[in-house]
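A short worksheet on the structure shown next.
The values are calculated or read from the model by the stated rules, or taken from the named source; none is laboratory data. Quick caveat, the model's predicted, so the values are computed rather than measured. Each accessible area value is taken on the protein alone, full model and side chains, heavy atoms only, with ligands, DNA and RNA left out. Shrake-Rupley method; radii C 1.70, N 1.55, O 1.52, S 1.80 Å.
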Amino acid sequence: MGSPFGDSPRVVVKMWPANWTDPVDSFQIESFILTQIMPFNQNNLFMESENTPLLNQTALVTGASRGIGRAIAMKLATLGADVVCVSRTVENSQKTATAIEQMGRNSWAFGVDVSDSQAVVESCKAIFDKTPRIDILVNNAGITRDTLLMRMKEEEWDAVLDTNLKGAFLWTKTLSRKFLKQKSGRIINISSVIGLMGNAGQCNYAASKAGLIGFTKSAAREFASRGITVNAVAPGFIETDMTVDLSDDLKTGLLNQIPLNSLGKTEDIAEAVAFLAGPGARYITGQVLAVDGGLVMA
């Protein structure tokens with residue numbers, strides 16, 4: 001009976017990496033299987049397959065240190081991409097970059113204030129010293145400063161709009177020449193269902209995420225003729241560090257609003273981004289994909 005991996009390739013099995021610590025990230029396990037247990041060719045290089053559709057591509061993910069951003073960065077790496085990890089501090093970015101490197105991919109960590117235009121420009125110069133191209137841009141960095149409109153300070157409004165909306169503008173603008181020259185690229189903006197339906201106490205956040213949807217659709221029209229797609233993902237209520245400490249009453253209230261009766265996971269958003277970044281989404285642009293358990297239905 002033949003091998004499940006085929007007759008010609010040999011299978012290389014290694015012991016579990018000693019430098020992994022508990023709990024092991026699920027994406028690390030997935031990538032370990034794909035890169036260490038799957039067949040190698042005679043030159044001991046990864047065999048390109050449907051399991052790694054992003055092989056030889058480089059992704060840049062902002063807000064990559066934790067939560068949704070980390071899940072996205074890790075997922076893209078499992079699909080073969082090298083990943084530039086951006087967060088406010090290089091120390092936080094490095095945690096994700098190190099995990100990706102342990103999966104056998106290249107990864108670089110950068111600490112950048114995404115709302116600072118000069119910092120973004122300088123970071124891009126440094127990034128292109130490390131890798132010649134960026135194929136996928138995920139604008140995920142975001143913050144909240146929740147309070148009622150009548151109590152909201154101007155600096156609370158500015159901080160949220162500058163990070164959530166201006167940050168996406170700066171990264172997209174700075175990388176746009178590279179994308180246009182390549183005549184290819186995937187830009188994926190992480191919006192929110194709050195940008196679609198609004199929410200009391202989040203006027204600044206809702207405005208930033210609704211603005212990101214308008215930005216997505218306009219950029220999609222500008223870049224389409226060059227083969228560049230621009231889409232948005234709108235997460236619903238997702239289990240993150242911020243939701244862990246919610247009271248049972250608050251969680252029950254949230255679940256009552258969601259037809260699928262559960263909170264989403266960061267991996268759900270990562271899967272949606274992976275689809276939009278992959279070959280299956282070649283003919284999709286200017287769209288908003290709500291990943292929300294049915295919370296917002298058109």
message: Between LEU255 and PHE275, what is 0.36 nm times their sequence separation minus the Cα-Cα distance? Round to one decimal in nm.
response: 4.6 nm
- request: Run down the lysines and flag those whose C-alpha is under 30 Å from the C-alpha of LYS95, throwing out any fewer than 8 positions away in its chain.
  value: LYS14, LYS75, LYS125, LYS130, LYS166, LYS173, LYS178, LYS209, LYS251, LYS265
query: Would you list SER262, SER107 from the most to the least accessible area, probe 1.4 Å?
result: SER262, SER107
message: Taking θ = phi - 60°, what integer Hz values does the Karplus form 6.51 cos²θ - 1.76 cosθ + 1.60 yield along the range 255-266, in sequence order, with x for Gly and Pro?
response: 5, 5, 8, 9, x, 7, 6, 7, 6, x, 10, 4
message: In whole percent, and with a 1.4 Å probe on the protein chains, what portion of the accessible area of the range 210-298 is carbon and sulfur?
response: 54
- line: With a ≥ b ≥ c from the Cα gyration tensor eigenvalues, square-rooted, and the rule rounded for a/c under 1.5, otherwise prolate when a/b > b/c and oblate otherwise, the range 155-202 is oblate
statement: Amide H contacts under 5 Å for VAL84, restricted to residues at least 5 apart in sequence or on another chain and with H modeled in the peptide plane, are ALA59, LEU60, VAL61, TRP108
query: Out of residues 5 or more away from LYS265 or on other chains, whose amide H comes under 5 Å of its own, with H placed 1.01 Å from N in the peptide plane?
result: GLU239
message: Accessible area per residue for the range 143-197 in Å², computed with a 1.4 Å probe and the full protein assembly in place, what is it?
response: 55
